[in-house]
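This report refers to the structure that appears directly beneath it.
The values are calculated or read from the model by the stated rules, or taken from the named source; none is laboratory data. Since we're looking at a predicted model, the values are computed, not measured. Backbone-built Cβ (ideal geometry, glycine too); neighbour counts: all protein chains shown.
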Amino acid sequence: MIEARDLIVRLGGREIVRGVSFDLAAGEALGIVGESGSGKTTLLRALAGLEPIAGGTLRLEGAPLAALAPRQRSRVLQLVFQDPYGSLHPRHTVARALAEPIAIHRLDRASERTVAALAAVGLGPEFRFRFPHQLSGGQRQRVAVARALMLSPRLLLLDEPTAALDVLAQAEMIELLRSLRRERGLAHLLVSHDLALVAALVERIAVMQDGRFVERLDAADLRHGRAQHPHTLELIEASRSYRRAAASA
Amino acid sequence: MSALLEIEELRVRFGTHEVLHGISFAMERERLALVGGSGAGKSLIGRSILRLLPPGAAMQARRLAFDGIDIAGADAARMRDLRGRRIGWVLQDPKFSLNPVMTIGAQIEEAFRLHHRISRGAARERALASLEAVRISDPLRVHGLYPHEVSGGMGQRAMIAMMLAPDPDLLIADEPTSALDGSSARQVLAILDDLVARRGMGLLFISHDLDLVAGFCDRVLVIEQGRIVERCAAAALGDAQHPYTRRLLAARPRLQA
Amino acid sequence: MTASLEPLPRSAAEARRLRLAEGARALAGNASAVAGLAIVLLLAALGLAAPLLARYDPNLQDLALRLAPPGALHWLGTDELGRDILARLLYGSRVTLSIAAVIALFVPLVGLAAGCAAGFFGGIVDAVLMRTADVFLAFPRLILALALVAAMGPGISHAMLAIALAAWPPYARVARAETLSLRGREFVAAARLAGASPARLLLRHIAPLCLPSLIVRASLDMAGVILTAAGLGFLGLGAAPPTAEWGAMIAAGRRFMLDQWWVAAAPGVAIAVAALGFNLLGEGLRDLLDPRQR
C-alpha cells in the first residue's frame with residue numbers, strides 16, 4: 001500500500017528525515033519509535049502531505065504521492081494528531097468538526113455518518129453538540145479519531161495519539177485503536193516515543209534515530225528486549241520504570 | 001516538631017460545585033506521590049498549598065500548615081515569602097513556565113538574587129553551578145539560550161535549577177515528566193532523586209502514572225474524583241485493594257511480556 | 001483539563017441557546033461594556049427618534065432669537081442663526097453615528113480580508129497588501145482624510161470614504177498577525193487533510209477566530225473616528241451646510257465661545273459623550289472577548 005524509498009524531508013533548511021525506506025501492506029500496522037528530535041513526526045507529516053518531500057519516492061497504492069490531489073489523498077489516508085487540545089477548532093461543535101470532511105467531499109447523510117462515527121469511538125450522539133472545551137482530553141482525542149474515520153480511509157496515521165492523555169484515557173485509547181483495527185482492517189502507521197504503547201498496537205517496528213531507521217524488529221522481539229542496535233537497547237532501558245538509587249548512608 | 005505539611009479537610013469549590021471533598025494528609029521530609037486521572041483534583045491540591053488557585057475557585061480547610069505556619073489564613077505578603085523561598089513548584093511544560101523573553105541564565109540568576117543578597121557576579125556563578133548540578137553538560141552555552149531554543153528535557157532541568165536556587169524545604173512537582181520522552185524523563189527523575197536526597201527536601205510528586213511514582217516515591221496517595229481512596233507505601237502498591245488503584249496499575253502498558 | 005461544569009446541550013438548538021445565554025450573562029457582568037453599550041444605544045435611539053423628539057426643525061432660523069441662552073423655549077439655546085441647538089444636536093447625531101456605523105461595518109471586514117489573505121498566502125500577496133497598507137498607514141489619519149476630501153470634494157459620503165481609507169491598515173495588520181499564528185495550528189492542518197480548499201480554511205476556520213480582536217479594535221477606534229469626522233466637519237469638509245453636524249456646529253460656535261459658550265459647548269459635550277461610550281464599550285468587549293480565545 002505504501003512504498004517509501006530513500007525519503008528525505010527538510011525543515012527550515014535542515015535535513016530531518018535522511019533517507020528512510022519502508023513498505024506497508026494494506027491492513028498492516030507499523031510502529032516508528034524514537035526520541036524527540038529523531039524525525040518521526042516529520043516523517044509522518046510528510047506522508048500526510050503536510051510537509052514537502054525533498055528527495056526519494058513515495059508511492060501510495062502504486063501511484064506516486066505527488067500525483068495525488070489533496071482531495072483524493074484525504075480519502076486514502078488520515079492523520080490523528082498528538083494534541084487533542086489543538087486539533088479541534090475551538091469554536092466548532094463536534095458535529096461541525098465531523099461533518100466537515102463530508103461537506104468538503106459532498107457526501108450525503110452527514111448526520112447518520114456523524115452519529116455512526118461517534119458510536120465507533122464509544123461516544124454517544126449527545127456529544128455532537130458539545131464544544132471542545134466541554135470535553136475531556138480523552139474525549140477530544142476520540143473525536144479526533146472519529147473525524148479521521150469519516151472518509152473511510154484505508155490508512156490511519158497516528159502521531160503520539162496518547163502522549164497528552166492520562167494513564168486511564170491512554171488505556172481506553174489503546175483498546176479503541178485495537179478494536180478499530182480488528183473491525184475495519186485499517187492499515188496503521190503509529191509514531192511514538194512510548195515503546196510499550198507501540199508494542200501493544202503493532203506487529204512491526206522501526207527504530208528511528210537522527211532521521212534514519214537504525215533497526216527493524218518485531219513487536220515480540222521488542223517486548224523481550226531482543227534488539228541489536230545500541231540505540232534500541234537504550235530506548236528499551238529507558239522505558240523501564242525508574243527505580244531510584246538505593247539510599248546511601 | 002510539626003510535620004512539614006499538614007492538611008486537614010481541604011475543600012475546593014468552583015462556584016457551588018465542589019471538586020475536592022475533604023482532603024486530609026500530612027507529610028514529613030519524604031517523597032509523597034499524589035496519583036489520579038486528569039480532573040481528579042491532584043493539581044488543585046498543589047495549588048491550594050501555594051494559594052495559587054485558578055480564578056473562580058474557593059478554598060477552605062480546617063488546617064493547612066507548612067512547617068507549623070498557617071497557610072489557610074496567611075496574608076499575601078506571607079505567601080509571597082513562602083512561595084519560591086520555602087516551597088518550590090515545578091510544572092509540566094517548561095515552554096509555559098519559563099519566561100520566553102529572558103535567557104535561561106537570566107531567569108536562574110533572578111531566582112538567586114530574589115532570595116539571597118548576592119552580587120550579580122556571584123549570582124552568575126551560582127546560576128552556572130546550578131546548571132551543572134542538573135547535569136547540563138555545557139552550562140555556559142545553555143546559560144545564554146532562550147527557552148524556545150532548548151529541548152523539553154533541558155528546559156525542565158533549567159526549571160528545576162531555578163526552583164532549587166532558594167533552597168526550599170518542599171518541592172511540589174506537578175507532572176514534571178509527562179511532556180518528556182523516555183530518556184529525558186529518566187534524566188529528570190534521576191536529577192530530582194539526587195537533589196532531593198542530598199538536600200533533605202520534601203517532595204510532593206503529582207502524577208497520573210502510578211507505575212512511575214511506584215519506583216520513585218516513599219508513599220502514595222491515590223485520588224479519585226476529589227477524594228483520597230488509597231494510602232499506602234510505594235513498595236506495597238502491588239497489594240493495593242481499592243478498585244481505582246488496581247485500574248491505574250493495570251492501565252499502563254508494559255513492555256515485558 | 002477537567003470537563004466543563006456548564007450544562008451540556010442535547011441538541012443543536014440547545015447548544016446555540018446556551019451559548020447565547022452564556023454570552024449575555026458575561027456581557028451583563030461587565031460594567032464597562034454595559035455602560036458603553038447603554039450610551040451608544042441611547043445616542044442611536046435619540047438620533048433615530050430625532051423627528052419625534054426635536055421640538056423645532058433644525059434648519060428653522062429665528063433671527064430674532066439668535067444666540068439665546070438655554071431656557072424654557074429652547075432647552076439648549078439657539079445658535080447664531082437662531083436655530084434650536086437641541087434639535088441640531090439630535091439630527092447631528094444621525095450624521096455622526098451613521099459615519100461611525102458604516103466605518104465600523106466595512107473597515108474591519110476589508111482589513112480582515114486583506115490581513116487574512118496576506119497572512120495565509122504570504123509571498124507576493126503578503127508583500128503587495130502590506131506595502132499598500134503601509135502607504136496608508138504612513139499618513140496621520142486626519143491629514144489623509146483631509147487630503148482625500150480635498151481631492152474629492154466635501155460631503156458626508158466622501159468623508160466616510162476618506163476616513164475608511166485611512167482607518168483600514170491597522171485592522172489588516174491585526175488580522176494578518178492572527179492568521180500567521182493560526183495557520184500553523186493543528187485544526188487547520190486537520191481541515192487541510194480532509195481536503196479543504198484555501199478559501200474554506202480562510203472563511204470557516206481562520207477568519208472567525210480573528211473577529212474578536214477586530215471587534216474590540218473597532219469599538220475602541222470609534223472614538224477616534226468620531227473625532228476625525230468632527231474634525232472634518234469643523235474644517236467644513238464634512239456635511240454641507242445647513243445640515244446639522246457636530247463638528248461644523250463647534251466651528252460655527254467658536255466665534256461666540258466667550259459670551260455664548262453653549263453654542264460650541266453643546267456639540268462638544270455630545271462628541272465627548274459619544275467617544276466615551278465607544279471607549280467604554282471597547283474596553284468591556286476586550287475583557288470579554290480576548291481572554292477567552294487564548
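Okay, here's what the table says:
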{"read-out": "From A:63, A:29, A:46, residue being buried (at least 16 other Cβ atoms within 10 Å of the Cβ) and free of Cβ contacts under 8 Å to residues at least 60 places away in the same chain", "value": "A:46"}
{"read-out": "Checklist (1) of a type in the set (Gly, Ala, Ser); (2) within 14 Å of chain A (Cβ to nearest Cβ); (3) assigned to a helix (DSSP H, G or I) applied to residue C:247, failing item", "value": "(2)"}
{"read-out": "Of all residues making up segment A:197-232, the number that are surrounded by fewer than 21 Cβ atoms within 10 Å (Cβ to Cβ), within 12 Å of chain B (Cβ to nearest Cβ) and assigned to a helix (DSSP H, G or I)", "value": "6"}
{"read-out": "Residue A:182 being in a helix (DSSP H, G or I), basic (Lys, Arg), over 13 Å from the mean Cα position of the chain (by Cα) and surrounded by 21 or more Cβ atoms within 10 Å (Cβ to Cβ)", "value": "no"}
{"read-out": "Subset of segment B:12-37 (residues that are under 10 Å from residue B:61 (Cβ atoms) and over 20 Å from the mean Cα position of the chain (by Cα))", "value": "B:22"}
{"read-out": "Residue A:131 vs. criteria touching a strand residue (DSSP E or B) at 6+ places or on another chain (Cβ under 9 Å), surrounded by 18 or more Cβ atoms within 10 Å (Cβ to Cβ) and aromatic (Phe, Trp, Tyr)", "value": "no"}
{"read-out": "Considering residues of segment B:93-136 that are free of Cβ contacts under 8 Å to residues at least 12 places away in the same chain and basic (Lys, Arg) only, the residue surrounded by the fewest Cβ atoms within 10 Å (Cβ to Cβ)", "value": "B:117"}
{"read-out": "Sole exception among (1) touching a residue at least 40 places away in the same chain (Cβ under 8 Å); (2) within 14 Å of chain C (Cβ to nearest Cβ) for residue B:28, by number", "value": "(2)"}
{"read-out": "Test: residue in segment A:82-90 that is at the interface with another protein chain (Cβ under 10 Å from one of its Cβ atoms), surrounded by 17 or more Cβ atoms within 10 Å (Cβ to Cβ) and either among the polar types (S, T, N, Q) or over 22 Å from residue A:137 (Cβ atoms) (or both)", "value": "yes"}
{"read-out": "Residues (loosely packed, with under 15 Cβ neighbours inside 10 Å and among the β-branched types (Val, Ile, Thr)) located in segment B:1-32", "value": "B:16"}
{"read-out": "Qualifying residue in segment B:181-190 (condition: in contact with a strand residue (DSSP E or B) (Cβ under 7 Å, 6 or more places away or on another chain) and touching a residue at least 12 places away in the same chain (Cβ under 8 Å))", "value": "no"}
{"read-out": "Only one of A:86, A:12 that is more than 20 Å from the chain's Cα centre (by Cα) and over 23 Å from residue A:107 (Cβ atoms)", "value": "A:12"}
{"read-out": "Candidates A:141, A:170 - the one that is within 24 Å of residue C:9 (Cβ to Cβ) and within 16 Å of the chain's Cα centre (by Cα)", "value": "A:141"}
{"read-out": "Near pairs, Cβ below 6 angstrom, 6+ apart or cross-chain, from segment C:110-132 (closer than 19 Å to residue C:165 by Cα) to any residue that is aromatic (Phe, Trp, Tyr)", "value": "C:110/C:168; C:111/C:168; C:111/C:171"}
{"read-out": "Matching residues, segment B:73-84, being touching a residue at least 12 places away in the same chain (Cβ under 8 Å) and surrounded by fewer than 17 Cβ atoms within 10 Å (Cβ to Cβ)", "value": "B:79"}
{"read-out": "Qualifying residues in segment A:185-196 (those that are out of contact with any strand residue (DSSP E or B) (no Cβ under 7 Å at 6 or more places or on another chain) and crowded, with 16+ Cβ neighbours inside 10 Å) - the one farthest from the other protein chains (Cβ to nearest Cβ)", "value": "A:194"}
{"read-out": "Hits in segment A:48-82 (condition: over 15 Å from residue A:154 (Cα atoms) and modelled with pLDDT of 85 or more)", "value": "A:49, A:50, A:51, A:52, A:53, A:54, A:55, A:56, A:57, A:58, A:81, A:82"}
{"read-out": "Matching option when the condition is touching a residue at least 12 places away in the same chain (Cβ under 8 Å) and farther than 30 Å from residue B:116 by Cβ, among B:227, B:199", "value": "B:227"}
{"read-out": "When residues of segment A:136-156 are limited to those that are facing chain C (nearest Cβ under 9 Å) and under 28 Å from residue A:195 (Cα atoms), the one surrounded by the fewest Cβ atoms within 10 Å (Cβ to Cβ)", "value": "A:136"}
{"read-out": "Entirely in segment C:123-210, the helices (runs of 4 or more DSSP H) that have 2 or more residues that are closer than 30 Å to residue A:145 by Cα", "value": "C:156-182, C:186-193"}
{"read-out": "Residue check, residue A:161 within 14 Å of chain B (Cβ to nearest Cβ) and in contact with a Gly (Cβ under 9 Å, 6 or more places away or on another chain)", "value": "no"}
{"read-out": "Check on residue B:90, without any contact (Cβ under 8 Å) to a residue 60 or more places away in the chain and either over 23 Å from residue A:38 (Cα atoms) or of a type in the set (A, V, I, L, M, F, W, C) (or both)", "value": "no"}
{"read-out": "Single residue of C:67, C:27 found to be in contact with a strand residue (DSSP E or B) (Cβ under 7 Å, 6 or more places away or on another chain), in contact (Cβ under 8 Å) with a residue 24 or more places away in the chain, surrounded by fewer than 19 Cβ atoms within 10 Å (Cβ to Cβ) and not small (Gly, Ala, Ser)", "value": "C:67"}
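Residues are listed down the side, and each one gets a yes or a no for (1) in a helix (DSSP H, G or I); (2) of a type in the set (S, T, N, Q); (3) under 33 Å from the mean Cα position of the chain (by Cα):
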residue	(1), (2), (3)
C:8	no, no, no
C:55	no, no, yes
C:70	no, no, yes
C:86	yes, no, yes
